[in-house]
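The values are calculated or read from the model by the stated rules, or taken from the named source; none is laboratory data. Keep in mind the model is a prediction, meaning the values are calculated, not measured. As a convention, Cβ positions derive from the backbone with ideal geometry for all residues, glycine included, and neighbour counts pool all protein chains shown.
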Amino acid sequence: MRRISEEVFHYAGFSREWTERLKLVVDELFMNANQYGSKTDDDKIYILFTFDNNEVSFRIEDEGRGQRKMNAADLKKLIYKNFDKVSDLTKTSGRGLALITHLWTDDMKIEDSKRGGIVVTFTKKITVET
Ligand SMILES: Nc1ncnc2c1ncn2[C@@H]1O[C@H](COP(=O)(O)OP(=O)(O)OP(=O)(O)O)[C@@H](O)[C@H]1O
Ligand SMILES: [Mg+2]
């Protein structure tokens, strides 16, 4: 999975630096889907990516079988709250999504999945800076 996303970002034309960052974004979303949206490692996590000359998009979807089930609206609220605390360096967790959303993607959408869990879609434009 890590290799695939690396290949995609690299092939799409991102710099080494941005490829590393975006790989971390996919990683973070995958870990969350696995940790919070799944019960066992046998639960499925669906990953879909698309890209063209202008932008790359990744979509990570889980089945919502985790212990602390959350819907998209609540998750969005939580992230919004966490974002205020991002600057608090003493806090070591709970800023994954908040940071990612605001710093490293152009757009991130959190929705309820038809499969019962959460589906997160992010896009990043390919520009001279990236
Ligand atoms: N796919 C998901 N399904 C259900 N809940 C989720 C999902 N992704 C995130 N969450 C909830 O949102 C919270 C915040 O996620 P976030 O990734 O920002 O922090 P974290 O995973 O707790 O810590 P870390 O900084 O290590 O990533 C999680 O603790 C979890 O409760
Ligand atoms: Mg996390």
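Name the residue that is farthest from Leu22 (Cα to Cα), counting only residues in the stretch 104-114 that are in contact with a strand residue (DSSP E or B) (Cβ under 6 Å, 6 or more places away or on another chain) and not acidic (Asp, Glu). Walk me through how you get there before you give the answer.
Filtering the stretch 104-114 down to residues in contact with a strand residue (DSSP E or B) (Cβ under 6 Å, 6 or more places away or on another chain) leaves 105-111, 113.
Still in the running and not acidic (Asp, Glu): 105, 108-110, 113.
Working: Thr105: 8, Met108: 13, Lys109: 16, Ile110: 17, Ser113: 23 Å.
Step by step, filter the stretch 104-114, then rank; the result is Ser113.
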Problem set entry | Residue in the stretch 49-70 that is farthest from ligand 1 (Cβ to nearest atom), counting only those that are in contact (Cβ under 8 Å) with a residue 12 or more places away in the chain, surrounded by fewer than 20 Cβ atoms within 10 Å (Cβ to Cβ) and within 22 Å of Glu6 (Cβ to Cβ) | Asn53
For this session: Looking at (1) in contact with a Ser or Thr (Cβ under 6 Å, 6 or more places away or on another chain); (2) more than 24 Å from Asp106 (Cβ to Cβ); (3) assigned to a helix (DSSP H, G or I), find the lone condition where Phe9 falls short.
Result: (2)
For this session: From (1) at pLDDT 85 or above; (2) over 13 Å from Ile60 (Cβ atoms); (3) within 16 Å of the chain's Cα centre (by Cα); (4) among the hydroxyl-bearing types (Ser, Thr, Tyr), pick out the condition that doesn't hold for Thr127.
Result: (3)
Problem set entry | Residue match in the stretch 20-28 (condition: farther than 17 Å from Ile79 by Cβ, part of a loop (DSSP other than H, G, I, E, B) and over 12 Å from the mean Cα position of the chain (by Cα)) | no
Exercise. Within the stretch 9-29, can you find the residues that are without any contact (Cβ under 8 Å) to a residue 40 or more places away in the chain and in contact with a strand residue (DSSP E or B) (Cβ under 6 Å, 6 or more places away or on another chain)?
Worked result: Val26
Exercise. Out of curiosity, is Arg3 at pLDDT 95 or above and either within 16 Å of ligand 2 (Cβ to nearest atom) or not polar (S, T, N, Q) (or both)?
Worked result: no
For this session: Please specify each residue of the stretch 29-48 satisfying the condition of being more than 8 Å from ligand 1 (Cβ to nearest atom) and in a helix (DSSP H, G or I).
Result: Phe30, Asn34
